[in-house]
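FYI, it's all coordinate maths here, none of it is from the lab. Owing to the predicted nature of the structure, the values given are computational and were not obtained by experimental measurement. Methodologically, a virtual Cβ is constructed for each residue, glycine included, from the backbone with ideal geometry; neighbour enumeration extends over all protein chains shown.
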Amino acid sequence: MTDLARPSGPTTTVAACQLRIDIDDPEGNRRRVVTAVDDAVARGAGLVVLPELVTSGYVFADLAEARERSEPVDGPTVTLLTELSARHGIVLVAGFCERSDGERPFNSLAVLDSGRLLAVYRKTHLWGTEKAVFAVGDALAPVVETRVGVVAAMICYDLEFPEMVRDVALRGAQIVVAPSNWPSNSPPPGERAPEVVKAQASAAVNRVFVVVTDRVGTERGVVWIGGSVICDVEGYPVAGPAQGEETTLLAELDLGRALAKDVGPYNHAFTDRRPDLY
């Protein structure tokens, strides 16, 4: 074990629950959420992360279907998440289709801590046909103090923009979580999906933990990677990627490591930056 890897602070166990989601069965999806969260907690998790749009599904036929599947923040999905978070005394993050006052719903997530709703975030970078059915969010990813540490939350494609992760890291995030729906891009045999590599890079360059929870299976012709992964502050996967499996990844994280931005005796991930030049 290197000096950088030695425990230096409180630890927490995180879980990434990679599920099959049935777009035609929202109630069944909510039952899967309960089973997954209960199982993760039984295995010691204090922070549980579920996929993007976990109860509604993703591949909507059109805007009308997306609107029909949307829910207010006090609707059945966030109500269920609140109950689970309170019952287990955990931090819980999950994506949902949020009803809006406008024509289009939001692709959103909720962050809950022991039954308290800490944040609702609306995806700010829309991928592909999301632009036809979702409104774009207009606020940066939240960074919140929780019982397990300082958590930042963003959604899927957001993670691919280095500025997003750097912003939350500069605001003190120790763990960056990203509920996701990654469509398969058929990487060469033996290669990790580029999305997994980008998650690793985000962790390494900012010296934060990154937890991505993807989904598995096929939905209306779209095949999902199932690339859930938990990365340490040096960018190494400590659990996953779990490509193709319905499973729960768990890892015990030493949060003190995310406070130390030193990279060896001579360098620092933040103070070595040259914002005067770029």
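So if the hydrodynamic radius of the range 87-179 is defined as the Kirkwood radius over C-alpha pairs, what does Stokes-Einstein give as its diffusion coefficient at 20 °C and 1.002 mPa s, in µm² per second?
On the way: Rh = 13.6 Å.
Value of D from the Cα-based Kirkwood radius: 158 µm²/s.
Could you sort 188-197, 53-62, 100-109 so that the peptide with the highest average Cβ count within 10 Å comes first and the rest follow in order? Please report the intermediate quantities before stating the final value.
On the way: 188-197: 14.0, 53-62: 22.3, 100-109: 19.2.
So the order, starting with the most tightly packed, is 53-62, 100-109, 188-197.
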Roughly how tilted is helix 194-206, in degrees to the nearest 10 and between 0 and 90, from the longest Cα axis of the chain?
40 degrees
Can you give me the long-range amide H partners of ALA242? Hydrogens built in the peptide plane at 1.01 Å from N, cutoff under 5 Å, separation of 5 or more residues or another chain.
SER228
Please order LEU81, LEU250, LEU50, LEU19 by the number of other Cβ within 10 Å, starting at the fewest.
LEU250, LEU19, LEU81, LEU50
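Share of antiparallel DSSP beta bridges in the range 3-260, in percent to the nearest 5?
Details: 34 of 52 bridges.
Percent antiparallel among DSSP bridges in the range 3-260 is about 65.
From largest to smallest, what semi-axes in whole angstrom does the range 26-161 give when each is the square root of 5 times an eigenvalue of its alpha carbon gyration tensor?
Numbers: eigenvalues 117, 57, 31 Å².
Each semi-axis is √(5λ); the values are 24, 17, 12 Å.
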Round to the nearest 10 and give me the degree value, 0 to 90, for the angle of helix 26-42's Cα axis relative to the longest principal axis of the chain.
30 degrees
From the coordinates shown, Rg and Dmax of the Cα atoms in Å corresponds to which of [x] 17.8, 57; [y] 17.8, 52; [z] 20.2, 69:
[x]
Would you mind checking which residues have amide H under 5 Å from GLU71's amide H? H placed 1.01 Å from N; only 5 or more apart, or other chain.
CYS97, GLU98, ARG99
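Just from its helices, what would the mean residue ellipticity at 222 nm be for the chain, if runs of 4 or more DSSP H residues each count -39500 (n - 2.57) and the sum is divided by every residue, rounded to the nearest 500 deg cm²/dmol? Don't skip to the answer; put the middle values down first.
Values: 6 runs with 63 residues, N = 278.
That calculation yields -7000 deg cm²/dmol at 222 nm.
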Rounded tilt (10° steps) of 76-88 against the dominant C-alpha axis of the chain
50 degrees
I need the phi-derived Karplus couplings for the range 215-223: 6.51 cos²θ - 1.76 cosθ + 1.60, θ = phi - 60°, integer Hz, Gly and Pro marked x.
10, 10, x, 10, 9, 6, x, 8, 9
